[in-house]
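The block underneath contains the structure these notes are about, expressed in structure tokens.
The values are calculated or read from the model by the stated rules, or taken from the named source; none is laboratory data. On a predicted model such as this, the values are computed, not experimentally measured, just so you know. Don't worry about glycine lacking a Cβ; one is built from the backbone with ideal geometry, like all the others, and counts go over all protein chains shown. Surface areas here come from the heavy atoms of the whole protein model, side chains and all, with no ligands, DNA or RNA. Shrake-Rupley method; radii C 1.70, N 1.55, O 1.52, S 1.80 Å.
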Amino acid sequence: MKINKAYIIAGLIIAFSLFFELAAHADESDQATTITFSQPIQIPGQVLPAGTYLFELADHGSEPNVVQIFSSDHTLLHGTFLTVATERQDPTSDTAVTLAVPESGGAPVLVKWFYPGSETGNEFLYSKQKEKELAQDEQQTIVAKHPTGSNSDTAEAGN
């Protein structure tokens, strides 16, 4: 009887540790990232007011080219967006976004989002006319500033 109990306890300990190992990596599959913008930001089809938003992959890794943007508390979906994969040469350990500053003025346009440590990011798709305009605009990549004592990735974007 004591041997059987020992095997059962050992099995439970192994199962318990495997569960927590998987749970510890859960955020990587959907690349959930909190980003704070200090000014309004254009995304496809709308302008987000200055504020904090949650970016994540819609299908939790199975379809990496669909991004959803939520309110910071995950209660309001601002949109689901098709993106294309884009590469960067020097991945950072922080979140990075690329913004285009329109020559005509107005809110900066969100062009790309990179998850921390990843060489591949998501480039947002716009209309052909908007793409032509973005190609003419100055683009700036902003790397996150991590708040102390937090597990979320937060980028302060904007001027």
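Observations, loosely collected:
- Looking only at residues of region 42-56 that are hydrophobic (A, V, I, L, M, F, W, C) and outside any loop (DSSP other than H, G, I, E, B), we find that the one that is most open to solvent (accessible area, probe 1.4 Å) is VAL47.
- Hey, LYS145 open to solvent by 70 Å² or more (accessible area, probe 1.4 Å), of a type in the set (D, E, K, R) and either under 13 Å from ILE35 (Cβ atoms) or at pLDDT below 85 (or both) or not: yes
Residue-wise test of (1) in contact with a Pro (Cβ under 8 Å, 6 or more places away or on another chain); (2) touching a residue at least 40 places away in the same chain (Cβ under 8 Å).
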| position | (1), (2) |
| --- | --- |
| ASP30 | no, no |
| PRO49 | yes, no |
| VAL66 | no, no |
| HIS74 | no, no |
| LEU82 | no, yes |
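- Taken together, ASP153, ASP94 contain a single residue that is under 16 Å from THR36 (Cα atoms), within 14 Å of the chain's Cα centre (by Cα) and either modelled with pLDDT under 85 or open to solvent by 80 Å² or more (accessible area, probe 1.4 Å) (or both), which is ASP153.
- Of all residues in region 113-127, those that are free of Cβ contacts under 8 Å to residues at least 40 places away in the same chain and hydrophobic (A, V, I, L, M, F, W, C) have Cβ atoms under 8 Å from Cβ atoms of residues that are part of a loop (DSSP other than H, G, I, E, B) and surrounded by 23 or more Cβ atoms within 10 Å (Cβ to Cβ), 6 or more apart or on another chain, in PHE114/THR95.
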